[in-house]
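Trainee: Quick one: this structure, given as structure tokens, is what I'll be asking you about.
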Amino acid sequence: MPDRLDDLRAALRRSGVTTAAGLRVALGVSQPTLSRLLAGLQSSLVRFGRTRRARYALARSVRGLPTALPLYRIRPDGRGERAGVLRALEPEGFALAGRPDDFWPLPGEMAEGRFEGLPYFLFDARPQGFLGRALAKRRAPELNVPDDPSRWSDDDIVLVLVLAGEDLPGDLVLGEPAYERLLRRMSQPKVGLADADLAQAYPRLAREALEEGVATSSAGGEFPKFTATRSLPDGPREVIVKFAAEGRWSDLLVAESVAAATLSAHLDRAAPCRIHRFDGRTYLEVERFDRAGAWGRAPACTLAAVDPALLGLGDARWDRAARALADDGFVGDAARDRILERWCFGNLIANSDMHAGNLAFHPVAGRLALTPSYDMLPMRYAPGRGDELPAPAFDPMLPLPGLEHAWRAAASAAVGFWEDCGRHELISAGFRETSRRNAERVAALRERVGR
């Protein structure tokens, strides 16, 4: 019997997920014998489906971690609960068992708990961007992973989530070690920064971010940033704070705050934000929509993770993704229209950086709903290498067929955006003049299309 169990393990390692019929042929045994052998694998056996359609796989350990990793989620009120058990499979892929009903959409084989790679809602929870690179730089040696998160394998990501993932994006926490560290954090009082604290705290946090970070904003088109807890009149809020020295990057941060206010007033929700100026730097404070109160959290997952898992477009264009998501039933018509309006608005305010990581969703009743808008700003005007200031021609497009209604709504908002930038006292004189010209350009196009 032990030898036959070893044969069964070897067959499952070779074949991956397979049927009982395939295993009987590979081992040359009867169905009753196979059933006894499968029972002998106990917790290392993973089963998908039922009765004659059942398929089997062998669980494996990731870098010495337990084969069964509990997955927790943190509710907006700060309560934690079990959200399933994740297992890595031989020779590749993952299985998720015991998920709650109000979870992320899981079509096809994912409905049975089978994933070809890391589940998409966990892939997006990995450390990434400026903050992720800073974490990787600090922790890579002890975790034995590359210091560049873009080079992490699925196994690397799992290891980081378990050993350093108690405070990552979204509401999910993988593994008991990360969850226990979070519980220890939650047992301590959380003191937020009041307005009077910011003049000292933000410059200090900016210095620390630059010392720990691995890039400046101009090289990769990304603002350096840090996280903080704020004490606001309506309670504690977790924030991400972008910062930049005076100049064009500062103009763009102020423009981002204007875009958020414009979207919230005229088109859609945007993450609330505030501008501060201390010691020659501009700070844009953005409230996190994946956090709630002192310790609560909310789910969030970007199009960058949703597309490969649910759509397979391989295309970061929001307009195409919006239609595909609606056609496949993952979003409703209202969410589709909001995405199209954001896409048109971004084009009309010269946002050349509307990549798939800047559009996010949360799950509602097995479908996707939009999170507030974020990272909406005129990136076409970002400085180049060496801080050279570009002077691109602003030539916004007329609406494509089928986008006329969304374009008209976005155009009216975009005119207001450029006009507000054109008179904002924290924006430089040169960019204010550019903004006034752009307002006239969009207004003229709006008149051509008709209101």
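Trainee: Sort through Leu377, Leu389, Leu370 and tell me the only one that's within 23 Å of Leu267 (Cβ to Cβ) and either in contact with a His (Cβ under 9 Å, 6 or more places away or on another chain) or modelled with pLDDT under 95 (or both).
Mentor: Numbers: Leu377 fails: either in contact with a His (Cβ under 9 Å, 6 or more places away or on another chain) or modelled with pLDDT under 95 (or both); Leu389 fails: within 23 Å of Leu267 (Cβ to Cβ).
Going through Leu377, Leu389, Leu370 in turn, just one is within 23 Å of Leu267 (Cβ to Cβ) and either in contact with a His (Cβ under 9 Å, 6 or more places away or on another chain) or modelled with pLDDT under 95 (or both): Leu370.
Trainee: Quick check: anything in the stretch 78-89 on the phi < 0 side of the Ramachandran plot, buried (at least 16 other Cβ atoms within 10 Å of the Cβ) and more than 28 Å from the chain's Cα centre (by Cα)? Can you show your working first?
Mentor: Just the residues of the stretch 78-89 that are on the phi < 0 side of the Ramachandran plot, to begin with: 79-83, 85-89.
Filter once more, so that each one left must be buried (at least 16 other Cβ atoms within 10 Å of the Cβ): 80, 83, 85-89.
From what is left, the residues that are more than 28 Å from the chain's Cα centre (by Cα) are none.
Within the stretch 78-89, not a single residue is on the phi < 0 side of the Ramachandran plot, buried (at least 16 other Cβ atoms within 10 Å of the Cβ) and more than 28 Å from the chain's Cα centre (by Cα).
Trainee: Return yes when Ala125 is in contact (Cβ under 8 Å) with a residue 12 or more places away in the chain, crowded, with 19+ Cβ neighbours inside 10 Å, on the phi < 0 side of the Ramachandran plot and assigned to a strand (DSSP E or B) and no when it is not. Break it down stepwise before answering.
Mentor: Working: in contact (Cβ under 8 Å) with a residue 12 or more places away in the chain: yes; crowded, with 19+ Cβ neighbours inside 10 Å: yes; on the phi < 0 side of the Ramachandran plot: yes; assigned to a strand (DSSP E or B): no.
No; evaluated as a whole, the condition is false for this residue.
Trainee: Additional query: So Arg446 fits all but one of (1) crowded, with 16+ Cβ neighbours inside 10 Å; (2) of a type in the set (D, E, K, R); (3) within 30 Å of Glu246 (Cα to Cα); (4) in contact with a helix residue (DSSP H, G or I) (Cβ under 8 Å, 6 or more places away or on another chain); what number is the exception?
Mentor: (3)
Trainee: Any residue in the stretch 167-187 that's within 17 Å of Leu131 (Cβ to Cβ): show its pairings with residues that are assigned to a loop (DSSP other than H, G, I, E, B) and among the basic types (Lys, Arg) at Cβ separation under 9 Å, as long as the two are six or more apart or on different chains.
Mentor: Listed by first residue and then by second, the contacts come to Leu168/Arg126; Pro169/Arg126; Pro169/Arg288.
Trainee: Would you say Arg342 is outside any loop (DSSP other than H, G, I, E, B), closer than 23 Å to Phe417 by Cβ, in the same structural domain as Ala413 (by TED's automatic domain parsing) and touching a residue at least 12 places away in the same chain (Cβ under 8 Å)? Explain how you work it out, then say what you get.
Mentor: Values: outside any loop (DSSP other than H, G, I, E, B): yes; closer than 23 Å to Phe417 by Cβ: yes; in the same structural domain as Ala413 (by TED's automatic domain parsing): yes; touching a residue at least 12 places away in the same chain (Cβ under 8 Å): yes.
Yes, satisfied.
Trainee: Looking at (1) in contact with a Lys or Arg (Cβ under 8 Å, 6 or more places away or on another chain); (2) more than 19 Å from Ala316 (Cα to Cα), which is the one condition that is false for Pro401?
Mentor: Pro401 satisfies all of (1) in contact with a Lys or Arg (Cβ under 8 Å, 6 or more places away or on another chain); (2) more than 19 Å from Ala316 (Cα to Cα) except (1).
Trainee: Mind listing whichever residues of the stretch 174-198 are surrounded by fewer than 13 Cβ atoms within 10 Å (Cβ to Cβ), modelled with pLDDT of 95 or more and under 27 Å from Ile275 (Cα atoms)?
Mentor: Listed by number, the residues that qualify are Ala194, Asp195, Ala196.
Trainee: Which residues, taken from the stretch 146-162, are out of contact with any Lys or Arg (no Cβ under 8 Å at 6 or more places or on another chain) and either more than 18 Å from Arg60 (Cβ to Cβ) or not in a helix (DSSP H, G or I) (or both)?
Mentor: Across the stretch 146-162, the qualifying residues are Pro146, Ser150, Arg151, Ser153.
Trainee: Now for a separate question. Just checking, does the stretch 355-373 include any residue being buried (at least 23 other Cβ atoms within 10 Å of the Cβ) and either on the phi > 0 side of the Ramachandran plot or among the hydroxyl-bearing types (Ser, Thr, Tyr) (or both)?
Mentor: Among the residues of the stretch 355-373, at least one is buried (at least 23 other Cβ atoms within 10 Å of the Cβ) and either on the phi > 0 side of the Ramachandran plot or among the hydroxyl-bearing types (Ser, Thr, Tyr) (or both), which makes the answer yes.
Trainee: What residue, of Ala411, Ala429, is within 17 Å of Ala259 (Cα to Cα) and modelled with pLDDT of 95 or more?
Mentor: Working: Ala429 fails: within 17 Å of Ala259 (Cα to Cα).
Answer to the check: Ala411.
Trainee: Go through the stretch 402-414 and report how many residues are of a type outside the set (Gly, Ala, Ser) and buried (at least 23 other Cβ atoms within 10 Å of the Cβ).
Mentor: Matching residues across the stretch 402-414 total 1.
Trainee: For the stretch 144-155, how many residues meet the condition of being buried (at least 19 other Cβ atoms within 10 Å of the Cβ) and free of Cβ contacts under 8 Å to residues at least 24 places away in the same chain?
Mentor: 2
Trainee: Then there's this: More than 15 Å from Ala260 (Cα to Cα), assigned to a helix (DSSP H, G or I) and small (Gly, Ala, Ser) - does that describe any residue in the stretch 352-374?
Mentor: The answer is yes, given that some residue of the stretch 352-374 is more than 15 Å from Ala260 (Cα to Cα), assigned to a helix (DSSP H, G or I) and small (Gly, Ala, Ser).
Trainee: Looking at Glu440 and the list (1) free of Cβ contacts under 8 Å to residues at least 24 places away in the same chain; (2) touching a helix residue (DSSP H, G or I) at 6+ places or on another chain (Cβ under 6 Å); (3) among the charged types (D, E, K, R), which single condition is not satisfied?
Mentor: Checking Glu440 against (1) free of Cβ contacts under 8 Å to residues at least 24 places away in the same chain; (2) touching a helix residue (DSSP H, G or I) at 6+ places or on another chain (Cβ under 6 Å); (3) among the charged types (D, E, K, R), the one that fails is (2).
Trainee: Now, a different point. What number of residues within the stretch 199-216 satisfy the criterion of being touching a strand residue (DSSP E or B) at 6+ places or on another chain (Cβ under 6 Å) and surrounded by fewer than 18 Cβ atoms within 10 Å (Cβ to Cβ)?
Mentor: The initial filter retains those residues of the stretch 199-216 that are touching a strand residue (DSSP E or B) at 6+ places or on another chain (Cβ under 6 Å), namely 199, 201-203, 205-206, 209.
Adding the requirement that they be surrounded by fewer than 18 Cβ atoms within 10 Å (Cβ to Cβ) leaves 199, 201, 203.
Number of matching residues: 3.
Trainee: From the list Gly314, Gly293, Gly332, which residue is in contact (Cβ under 8 Å) with a residue 60 or more places away in the chain and under 22 Å from the mean Cα position of the chain (by Cα)? Before the answer, list the steps.
Mentor: Details: Gly314 fails: in contact (Cβ under 8 Å) with a residue 60 or more places away in the chain; Gly332 fails: in contact (Cβ under 8 Å) with a residue 60 or more places away in the chain.
When all the criteria are applied, what remains is Gly293.
The values are calculated or read from the model by the stated rules, or taken from the named source; none is laboratory data. All values reported here derive from a predicted model rather than from experimental measurement. Quick reminder, even Gly has a Cβ in these numbers, built from the backbone with ideal geometry, and neighbours come from all protein chains shown.
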